[in-house]
Amino acid sequence: MTSQARTGGDVSKSSHRRAGRTAAVAGALGIALLAAACSSSGGSSGGSGSGAATINGAGSTFAAPMYQQWAGEYNSKVNKNVQINYQAIGSGGGISEFTQGIVDFGATDAPMSANEQSAAQSSQGSTVLHLPMILGAVAIIYNLPGVSKLTLDGPALASIYLGKITKWNDPAIKKLNPGVTLPSAAIQPVQRADSSGTSYVVTSYFSAISPAWASQVGVSKAPSWPTGTGATGSSGVAAAVSQTKDSIGYVELGYATSGKIPFASLMNASGKAVAPSTTSVEAAAAGATLPTDITALKLNLVNQPGAGAYPLSTATYILVAQAQKDANKGKALKAWLLWSLKSPQQAESTKLNYAPLPTALDKLVVSAVNSVK
Amino acid sequence: MSADLQDAPPRRSADTIFRLAVASCASVVLLLLGGMLVRTTWSAWPAFQHSGIGFLTGTTWNPNTGTFGALPYIYGTLVTSVVALILAVPVAVLIALYLSEIAPPAIGTYLGYVVDLLAAVPSVVYGLWGVFVLVPFLTTYVWQPLSNHLAFIPIFAQFASGRNFLTAGLILALMITPIISAICREVFRTVPNDEREAALAVGATRWEMIRLAVLPPSRSGIVAAIMLGFGRAVGETIAVAYLIGGFPHITAHLLQQGSTIAANIALQFNEAASQPLFKAALIGLGVVLFAITLIINVAARLIIRRGNSR
């Protein structure tokens, strides 16, 4: 009995200590949260001194590896006073944070809708420019043990995501893959659950080639998917596909190559099976009609003609206000953008599995950047 | 002692200041709660008006066509939370009993630290661990075999994905077990030792002592712990967003993908920023979530009160 009583005493003491510690932990957490909140809201007003500037950008996970590389190189090789922070939070997040004025530039693979553009322009108090920075491909990744080469076409892919083709050995897929043994397993489609520019590219393609998709789902960064499993972010989709047998998904090509996930060739508008690559994206851009208005540099590279054109090609954009609020930051941002559009920097994109802008388009983007005041 | 108290000079003003300070701090809670409820309902009103009762009963949520039916999200929220409670509560209560009644003091104290530590692991860590470790493991060794052998039970039939209601429920159970357990342990420790000693003195075994002396007075505390765990489960966002498969639909087959209110708000908020009606609908989801926790809390209080008056 005495031992029980003693235990009781110890317990009450230690519970006091514990309460104190809990409070301390809670306090520390609160401070950390506060600091995080301050640094993110204070971000857009950072940068001081002549020529020194901190520029914050956020958005597209598709283009993140390229922007992060350009930002690092610019700081280490060109101008040490300019620090560019880029956060890969998804295209929808990029548009939303840019519109709210949290970041100095947004990045998106999907051009803004009319609604989004007017919201962004009224909050920025300026025309908002779309600046295509590089081109890239959306790879269709899959997980089929024993199948190292797969060819699909737009209608089959759209039917898979509509839930109309449910087995890997469906005649529509078999027909495209003579000599390949396809399992009778159920297809597990994986898609982005968050708002995504990659989803926009894929749904643009599906809508272009499948009337059923166009009427039932349509083009969207966040479509209402008829079937499948949602994962967050490009890396989330890559993880889900590499973990799930019999699955299929879509990510920017770099996520497929770096994760060593097999990807499919697609039948293009000219009836040729083409794998995603720098060359096949350049071929798609060669056939596309270029915009002429520098305030609306939006282009559609989906399902372009040309024997070598990869159908799921896209440009990826940076969003900036034409009239910058902070002259110092505006100047620094402009210099970085112009540097990134030069041919050595553009050529670097191929190492990360993107493609450089065609020369004619690059010139247009340069003149758009030069119009930033 | 009592003589000292009587001799002490009356310090009314200090008392009043203290009372006012305490009362105003307490009223902040009420103001905050009321303010949030009013403000969110106000912001969500356009969506409620647009969809009417369909906002609660509709089964289609398609922002692109302006259709907002939240039922699949409400269903997913309740199912995952209930699964989490079913898995977590028995384990958590037993852990707490072990720590406070059975374990030697030294072991109990250090195990208690570990439980507290688990309660402090950020949910995004649970989410990432879930994505990279739990989902592949469960899919191969648990969900697939379950659906192969127990498909006659609807819950396990028609396995569709490793990211499903049960996976989300399981990760929630892991997250709320330490919370429920930590609170229950503190509750058990408030039981006076005299009561335990009395039970043992009349010849009760350890189990009878727990059943007669420890559990009955702790009942309302245990319910409160469960409620806190339920609140965490209902509102948990990131881990669930990673693990439930982000596909809103209502089904009895819990090995299929679903979605929850909190996960959906987090996933769709960026898309909604420039669409006023969509944004209102997401805030409306928040109001529904708020209402769910409120209803369940009130219900739990009523249950406790009925139990106590009996």
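The values are calculated or read from the model by the stated rules, or taken from the named source; none is laboratory data. Owing to the predicted nature of the structure, the values given are computational and were not obtained by experimental measurement. Note: ideal-geometry Cβ built from the backbone for every residue, glycine included; neighbour counts use all protein chains shown. Note: areas computed on protein heavy atoms with side chains; ligands, DNA, RNA excluded. Shrake-Rupley method; radii C 1.70, N 1.55, O 1.52, S 1.80 Å.
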Q: Take the Cα atoms of region B:47-195, find their three principal axes, and give me the spread along each one in whole Å, biggest first.
A: 63, 42, 30
Q. Considering region A:138-284, what Rg and Dmax in Å follow from its alpha-carbon atoms?
A. 13.9, 38
Q: Could you please put B:Phe290, B:Phe68, B:Phe269 in sequence from largest to smallest accessible area, using a 1.4 Å probe?
A: B:Phe269, B:Phe290, B:Phe68
Q: Quote to one decimal, in nm, the extra length available between B:Thr65 and B:Leu37 on full extension: 0.36 nm per residue of separation minus the C-alpha distance between them.
A: 7.3 nm
Q. Cα-Cα pairs above 21 Å in region A:182-266: how many percent?
A. 29
Q. Peptide B:267-280: average number of partner chain Cβ atoms within 10 Å per residue?
A. 6
Q) With every protein chain in place, what's the accessible area of A:Asp153 (1.4 Å probe, Å², nearest 10)? A) 30
Q: Could you pull out which residues in region B:34-61 have an amide N less than 13 Å from a spot 7 Å beyond the Cα of B:Leu78, following the Cα-Cβ vector?
A: B:56-58
Q: Calculate the dipole size of region A:239-327 relative to its Cα centre from +1 charges on Lys and Arg beta carbons and -1 charges on Asp and Glu beta carbons; express the result in debye to the nearest 20.
A: 160
Q.
Need one value for B:186-193: mean number of C-beta atoms belonging to other chains within 10 Å of its residues' C-beta atoms.
A. 3
Q.
When 1/r is averaged over all different Cα pairs and the result inverted, which Kirkwood radius in Å belongs to region B:51-309?
A. 20.0
(Q) Checking buried surface per residue: for region B:97-144, which residues lose a minimum of 50 Å² accessible area in the protein assembly relative to the chain alone (1.4 Å probe)? (A) B:Tyr113
Q) What aspartates and glutamates could a cross-link reach from A:Lys373, if we take a straight Cα to Cα line under 20 Å and drop same-chain neighbours fewer than 8 places away? A) A:Asp104, A:Asp293, A:Asp326, A:Asp362
Q.
If you count only protein heavy atoms with a 1.4 Å probe, what accessible area per residue comes out for chain B, rounded to a whole Å²?
A. 51
Q | Cα-projected label distance for A:Gln216 with A:Lys77, points at 7 Å along beta-carbon direction, nm | A | 4.9
Q.
Suppose accessible area is computed on protein heavy atoms with a 1.4 Å probe; arrange B:Ile171, B:Ile296, B:Ile102 from highest to lowest.
A. B:Ile102, B:Ile296, B:Ile171
Q | Summed buried accessible surface, chains A and B, 1.4 Å probe, nearest 100 Å² | A | 2800
Q: Please report, in debye to the nearest 20, how large the charge dipole of the protein assembly as shown is about its Cα centre when each Lys and Arg carries +1 at its beta carbon and each Asp and Glu carries -1 there.
A: 300
Q) What is the Cα centroid distance between region A:119-169 and region A:240-269, reported in whole angstrom? A) 11
Q: Evaluate the distance, in nm, between pseudo-label points positioned 7 Å from the Cα of A:Gln100 and of B:Val124 along their respective Cα→Cβ axes.
A: 1.5
Q) Once Lys and Arg get +1 and Asp and Glu get -1 on their Cβ, which of A:Ile294, A:Ser340, A:Ala321 lies farthest toward the positive end of the dipole of region A:270-341? A) A:Ala321
**Q.** Label-point separation in nm, B:Ile53 to B:Ala103, each point 7 Å along Cα→Cβ
**A.** 5.1
Q.
Taking 22 Å as the cut-off for C-alpha to C-alpha distance, list the pairs among A:Lys298/A:Lys351; A:Lys77/A:Lys363; A:Lys221/A:Lys298; A:Lys80/A:Lys298; A:Lys80/A:Lys351; A:Lys245/A:Lys272 that go past it.
A. A:Lys298/A:Lys351; A:Lys77/A:Lys363; A:Lys80/A:Lys298; A:Lys80/A:Lys351; A:Lys245/A:Lys272
Q. At a 1.4 Å probe, what is the % contribution of carbon and sulfur to the accessible area of region A:138-284?
A. 54
Q | Those residues of region A:204-232 whose amide nitrogen sits under 11 Å from the label point placed on A:Ala186, 7 Å along Cα→Cβ | A | A:228
Q. For a label point 7 angstrom out from the Cα of A:Lys298 toward its Cβ, which stretches of region A:177-210 have the backbone nitrogen within less than 19 Å?
A. A:195-209
